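What follows is one structure encoded as structure tokens, with my remarks underneath.
The values are calculated or read from the model by the stated rules, or taken from the named source; none is laboratory data. No experiment lies behind these values; they were computed from the predicted model shown. Cβ placement follows ideal geometry from the backbone for every residue including glycine, while neighbour counts extend to all protein chains displayed.
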Amino acid sequence: MRDSYATGKPIEWNRVHDLGDFVYFNHSIHVSKGVGCSTCHGQVSQMNQIRQVAPLTMGWCIDCHRAPEKYLRPQEEIFNTDWEPPADQLAQGTQLVQANHIEVSKLTNCTICHR
């Protein structure tokens with residue numbers, strides 16, 4: 001980063017999360033519905049080098065799509081990498097499912113992620 005700043009040359013980014021071409025993923029829908037960054041990306045603020053912490057397999061994604069209340073957080077906590085789920089996460093998550101108009105029954109439709 002220092003070299004980039006000093007020379008004005010852009011940083012060469014290395015892709016850390018690389019999904020197959022058959023997978024459609026949209027960050028904005030996840031963020032707007034209450035999925036925080038660290039849910040998938042881990043504690044990036046504490047990483048010396050960014051690495052993949054979640055497997056990002058279909059099974060891993062489906063677990064969240066079947067029970068999003070386990071993972072949702074308030075909008076003001078989306079970018080907080082230190083956020084910890086509260087003791088009553090299931091109750092709060094259930095409220096967030098309703099407040100964010102998440103239709104859980106539709107989240108396992110194949111066309112949600114595969115186009």
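The table that follows gives values for the structure above.
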{"quantity": "Candidates 38, 28, filtered to the one that is among the polar types (S, T, N, Q), part of a helix (DSSP H, G or I) and over 22 Å from residue 111 (Cα atoms)", "calculated": "38"}
{"quantity": "Flag for residue 60 being closer than 30 Å to residue 1 by Cα and surrounded by 11 or more Cβ atoms within 10 Å (Cβ to Cβ)", "calculated": "no"}
{"quantity": "Candidates 21, 3, filtered to the one that is more than 27 Å from residue 75 (Cα to Cα), in a helix (DSSP H, G or I) and among the charged types (D, E, K, R)", "calculated": "3"}
{"quantity": "Hits in segment 85-104 - residues which are assigned to a helix (DSSP H, G or I) and either at pLDDT below 95 or under 19 Å from residue 26 (Cα atoms) (or both)", "calculated": "97, 104"}
{"quantity": "Those residues of segment 36-59 which are in contact with a Leu (Cβ under 9 Å, 6 or more places away or on another chain) and touching a residue at least 40 places away in the same chain (Cβ under 8 Å), in sequence order", "calculated": "36"}
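The rows are residues; the columns are (1) within 24 Å of residue 108 (Cβ to Cβ); (2) not hydrophobic (A, V, I, L, M, F, W, C).
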{"site": "1", "(1), (2)": "no, no"}
{"site": "17", "(1), (2)": "yes, yes"}
{"site": "21", "(1), (2)": "yes, yes"}
{"site": "45", "(1), (2)": "no, yes"}
{"site": "54", "(1), (2)": "yes, no"}
{"site": "57", "(1), (2)": "yes, yes"}
